[in-house]
Amino acid sequence: MKAPIAVALDAPDAETAARWAQAVTPHVAVVKVGLELFCRVGPSVVKSVRGASGTELFLDLKLHDIPATVAGAVRSVARLRPAYLTVHAVGGPSMVRSAVEAADGITIAAVTVLTSADEATLDAVGLAGPSLDAVRRLSVLAVGAGAGAIVCSPHEVAAVRAEVGPDIVLITPGVRPAGAAAQDQARVATPEQALRDGADLLVIGRPITGASDPGAAAARIAAGLGRA
């Protein structure tokens with residue numbers, strides 16, 4: 001079985017993204033296309049990274065607008081058939097519900113608090129913290145509006161699992177193998193710890209794509225998860 005990892009293909013161009021995808025898809029379940037790559041290349045990048053592998057696609061656009069606009073955006077990308085599509089939970093229940101209703105078989109994943117945000121950031125933007133409480137509130141809100149997945153950091157995943165139950169997919173960015181630099185992530189954990197705490201899908205980018213051999217890096221992390 002492939003490892004429950006979504007490799008973040010934060011590449012400078014479609015060719016690099018496709019090369020990374022080809023290298024990692026024997027080992028991981030999902031490849032993730034984020035906002036920067038999607039805006040730079042356009043929808044055609046999906047075909048480039050998906051190839052013939054059959055690996056699922058996570059389209060991480062973090063949509064956040066009025067409900068009608070978000071619904072329209074969801075319908076626009078539905079033809080790309082991603083397994084997951086992200087919206088921001090802070091858009092509120094009406095926005096999340098509109099995304100779900102427009103999703104046509106796509107799992108809407110609600111982003112709670114970005115893993116780059118710390119307590120000072122929450123205070124600055126006026127989001128009542130601490131981060132654990134904010135994430136729990138947003139998770140309950142989003143699931144109540146129909147979201148099938150929640151995006152939260154490894155630090156909150158156990159608490160979110162307790163709130164939303166076993167049927168919601170929990171996606172955790174901010175995952176770093178032991179010894180890897182945290183870089184711009186404020187709330188991180190190892191892959192093994194994130195899975196033990198209740199995560200279903202681990203988002204890992206630079207520890208894999210920044211390696212000299214992304215395929216080998218993905219294989220090592222997948223093997224570690226298998227042993228764990």
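For the chain, what is the calculated [θ] at 222 nm in deg cm²/dmol (nearest 500), taking -39500 (n - 2.57) for each run of four or more DSSP H residues and dividing by its residue count?
Values: 11 runs with 99 residues, N = 228.
Rounded to the nearest 500, the figure is -12500 deg cm²/dmol.
List the aspartates and glutamates whose alpha-carbon lies under 17 Å from that of residue 32, not counting same-chain residues fewer than 8 positions away? Of all the aspartates and glutamates, those that pass the test against residue 32 - Cα under 17 Å, at least 8 places apart if same chain - are 10, 13, 15, 56, 60, 200. Amide H contacts for residue 32 (H built 1.01 Å from N in the peptide plane; partners 5 or more residues away or on another chain; cut-off under 5 Å): 7, 8, 9, 58.
Arrange the peptides 143-150, 37-44 so that the one whose residues have, on average, the most other Cβ atoms within 10 Å appears first. Don't skip to the end; give the middle numbers.
On the way: 143-150: 21.0, 37-44: 14.2.
Answer by packing, highest mean first, reads 143-150, 37-44.
Extending 7 Å from the Cα toward the beta-carbon at both residue 196 and residue 167 defines two label points whose distance is 3.0 nm.
Write down Rg/Rh for segment 92-158, rounded to two decimals, with Rg from the C-alpha atoms and Rh from the Kirkwood relation over Cα pairs. Dividing the radius of gyration by the Kirkwood radius yields 1.00.
Would you tally the net charge around residue 104, using a Cβ to Cβ cut-off of less than 15 Å, leaving residue 104 out, and scoring K and R as +1, D and E as -1? Neighbourhood net charge equals +3.
Please compute the contact order of segment 3-226 in relative form: average sequence separation of alpha-carbon pairs under 8 Å and at least six residues apart, divided by the residue count, as a percent.
Numbers: 460 pairs, mean separation 43.1, N = 224.
Across segment 3-226, relative contact order equals 19 percent.
With the alpha-carbon atoms of the chain aligned to their principal axes, the span from lowest to highest coordinate is 42, 37, 32 Å, starting with the largest.
Each value in this text was obtained by applying a stated rule to the coordinates, not by laboratory testing. Since the structure is predicted, the reported quantities are computational estimates derived from the model, not experimental observations. Here Cβ is always computed from backbone atoms with ideal geometry, including for glycine, and neighbour counts include all displayed protein chains.
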